[in-house]
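Data block below; observations after.
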């Protein structure tokens, strides 16, 4: 199945932002992780499987990522800008009845959208535990920031240089990504306690960063259920068990 075509909309500040969609039915916005893009949900057929279950799957690229614009001016990355972009996408598409999900950074942005007034029927928060959602460490920035700040200076053949080459192969822009990291904000526990949307918290069993506090996140969210799927932080995103858990959750919370 060919990848869906890229469409565009404008953020509230005019930045050109990309998204793809596939399938028909109740809309489900799915957001990717740091340094990725919408193809996270396409590489292993996840979006196709979810679409087959009766969903219109909408997959944005965060600003600074993928086919979205990557401005270098820090003014385009105010605090919580990614959540603002997500809300702008909901408005652009005119969605009133929809669901919302994300993996890793995308999961954090789901939570930020919820506390800022997004009103999906159901939410999926995958690949993150309470520590990451609170912004208290263990997120993408811990290992990524040194890589981005040292861009182009690493010893050939070193682990850092190999990581840089991998990011380069995906079109990563270190200036834009550093601005994205600087824009991220945590969600305090008291705000989590006011989220009443039924939420699935899903993590890989071998995800050393998120799994240790995923149960605490389930406890912090009043209407959350938790599940553990095979894989670490990277492989769980493509696990068939994660897709099955999402489909089952959405079907069970009509």
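Tabulated data
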{"quantity": "Residues of region 151-172 that turn out to be buried (at least 19 other Cβ atoms within 10 Å of the Cβ) and either at positive phi or outside any helix (DSSP H, G or I) (or both), as a count", "calculated": "1"}
{"quantity": "Subset of region 131-150 that is within 24 Å of residue 243 (Cβ to Cβ) and modelled with pLDDT of 90 or more - its residue that is surrounded by the fewest Cβ atoms within 10 Å (Cβ to Cβ)", "calculated": "132"}
{"quantity": "Boolean, residue 197 is in contact with a strand residue (DSSP E or B) (Cβ under 8 Å, 6 or more places away or on another chain) and touching a residue at least 60 places away in the same chain (Cβ under 8 Å)", "calculated": "yes"}
{"quantity": "Residues that are modelled with pLDDT of 95 or more, touching a helix residue (DSSP H, G or I) at 6+ places or on another chain (Cβ under 8 Å), on the phi < 0 side of the Ramachandran plot and in a loop (DSSP other than H, G, I, E, B), drawn from region 208-232", "calculated": "221, 230"}
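The values are calculated or read from the model by the stated rules, or taken from the named source; none is laboratory data. In this text the structure is predicted, and so the values were computed from the model without any measurement. With ideal geometry, Cβ positions are generated from the backbone for all residues, glycine too; neighbour counts draw on all protein chains shown.
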